[in-house]
Amino acid sequence: MTNVRLAISFFLLVLLQVLVLNNILFTGYLNPYVYVLFVLFLPLNTRRSSTLLLAFALGACIDIFENSGGIHAAATVCLAFARRAFLKITTQKRGVDFEGIIINRLPLRLLILYGFMGIFTHHLVLFLIESFNLRDIGSIMLQTLVSSLFTTLIALGIHFSTFRKKD
Amino acid sequence: MRKLLAILYSGRIFLLFVVLELMAFVWISNSRSFQRSKVLNSSNQISGRILNQSNEIRSYLHLKEENLRLAKENARLLQLDTNFQLSLDSGTVAVNDSQFEVRYHTLQGQVINSSYLKTRNFMTLNRGVQHGIEPGMGVIASQGVVGRVEHVSQHFCTVTPLINPSFSASGRLKGSRFFGPVKWQNADYRFAHLTDIPRYAQLQKGDTVVTDAGSLLFPPGIHIGYVESYELQEDQNFFEVKLRLATDFSSLGHVYLVSDKMKMELQLLDSLQATP
């Protein structure tokens, strides 16, 4: 049952990203990439190798639709790899306590913190690979910050309307 | 071995992460020419710099040949410049240079000895056989007719000038067809006489007398002198014209020796006419 929900959310997020959000480009800086929600909210008991492979598949899907050739895959795999570290930093839990965390049930403050850290990392990697140039690092940081805030806002909206209700 | 496997197993997630990232980057560099060119650029930077340096050194070694080549090129381009060419357009008619053939050759010479106050005057020039001088060549100066080459040695030649009784030239009134022999008569080196001008010819003081085309010595149109005075000859049918000579024989320096390339041809033709 969980796997079916995961698969549905995978495709829904890809479609939402490709069909709706990719057509939005606010003032050249706001590129909300909400599909990372899938990686962020993957259950912690998912095997780590599966997490990485799923993240690669998700990014690859976005790349195929956007014709951006691998940058989303790279950034999403990065996020999937760093996800556990962010979660540890946010929750300050170790061992069995950490493994028992259900991300959906985290306090909102910690959830926002964790989400923003992940989204910011993902966007930073994404935009860095996209421009492939450290000279305009300033404008890349600004774009990352603004886009991350915007993505977090949308993600929160989606979270409240779907995942949170279910519990 | 088991330890190595254990290490690999413990780092399997990181290895998977690295492999996935590598796949993504291969995809990126294959799909984006910009990123690919960036990667290629940075890898070519070192070899490119080395090649550039060696090329600079090589260009220094070939500097001399290059200069020579550029100089030749400059000369070729200068020849194309219209300022370096003589226009063949006379202004009204197009002149085709193949329609003309050079008939007279001129050679510059210097008077090294001359007389002008004697009854038989002579001149010596510093040109001889070595310079291609032959007896019978005409001598002119910038002002007008001088004389005729008489004897030629290896380096010098003597000239019978106009102011010598044995010299005779064919003179023509400029602007008309009247012509006659010009002779000097033991009088003054400044004057000579033109005879056999018909009495119906319209003469004026100051008219110019030039060499005739019938002369085998000089090109036509060379000044001989200017009409000073004229009077009817004894037979009452012709004028005898006193000419002020164009050439100042008292102060001759540079002269030109004229050779007629077609002299032999003309003489041969004339002799054919005379013999039968």
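What's the number of the only condition in (1) under 10 Å from the mean Cα position of the chain (by Cα); (2) away from chain B (no Cβ under 14 Å) that A:Ile89 fails to meet?
Only one criterion is unmet by A:Ile89, namely (1).
Hey, can you tell me all the residues within the range A:63-72 that are buried (at least 24 other Cβ atoms within 10 Å of the Cβ) and either outside any helix (DSSP H, G or I) or more than 9 Å from every other protein chain (Cβ to nearest Cβ) (or both)?
Selection gives A:Gly70 alone.
Since A:Leu153 meets every condition but one in (1) surrounded by fewer than 17 Cβ atoms within 10 Å (Cβ to Cβ); (2) over 24 Å from A:Ala73 (Cβ atoms); (3) touching a helix residue (DSSP H, G or I) at 6+ places or on another chain (Cβ under 7 Å); (4) not small (Gly, Ala, Ser), which condition does it not meet?
Going through the list (1) surrounded by fewer than 17 Cβ atoms within 10 Å (Cβ to Cβ); (2) over 24 Å from A:Ala73 (Cβ atoms); (3) touching a helix residue (DSSP H, G or I) at 6+ places or on another chain (Cβ under 7 Å); (4) not small (Gly, Ala, Ser), A:Leu153 breaks only (3).
Go through the range B:176-217 residue by residue and tally those that are under 30 Å from the mean Cα position of the chain (by Cα) and over 15 Å from B:Thr247 (Cα atoms).
Residues flagged as under 30 Å from the mean Cα position of the chain (by Cα) and over 15 Å from B:Thr247 (Cα atoms) within the range B:176-217 amount to 6.
For the range B:1-28, which residues satisfy the criterion of being at pLDDT below 80 and at the interface with chain A (Cβ under 8 Å from one of its Cβ atoms)?
none
Which of the strands (runs of 3 or more DSSP E) contained wholly in the range B:194-276 include at least 2 residues that are under 19 Å from B:Pro181 (Cα atoms) and at pLDDT 85 or above?
Numbers: elements: B:208-211, B:223-232, B:238-245, B:254-260.
So the answer is B:208-211, B:223-232, B:238-245.
Pick from the range B:112-138 the residues that are at pLDDT 85 or above and assigned to a strand (DSSP E or B): which of them is nearest to the chain's Cα centre (by Cα)?
Only one residue tops the list, namely B:Gly138.
For every residue, the table says whether it meets (1) buried (at least 18 other Cβ atoms within 10 Å of the Cβ); (2) at pLDDT below 85; (3) more than 17 Å from A:Gln143 (Cβ to Cβ); (4) within 14 Å of chain B (Cβ to nearest Cβ).
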position	(1), (2), (3), (4)
A:Ala55	yes, no, yes, yes
A:Ala74	yes, no, yes, yes
A:Arg84	no, no, yes, yes
A:Phe98	no, yes, yes, no
A:Arg105	no, yes, yes, no
A:Leu111	yes, no, yes, no
A:His122	yes, no, no, yes
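The values are calculated or read from the model by the stated rules, or taken from the named source; none is laboratory data. Predicted model, so just to flag it, every value in this text is computed and none were measured. Note: ideal-geometry Cβ built from the backbone for every residue, glycine included; neighbour counts use all protein chains shown.
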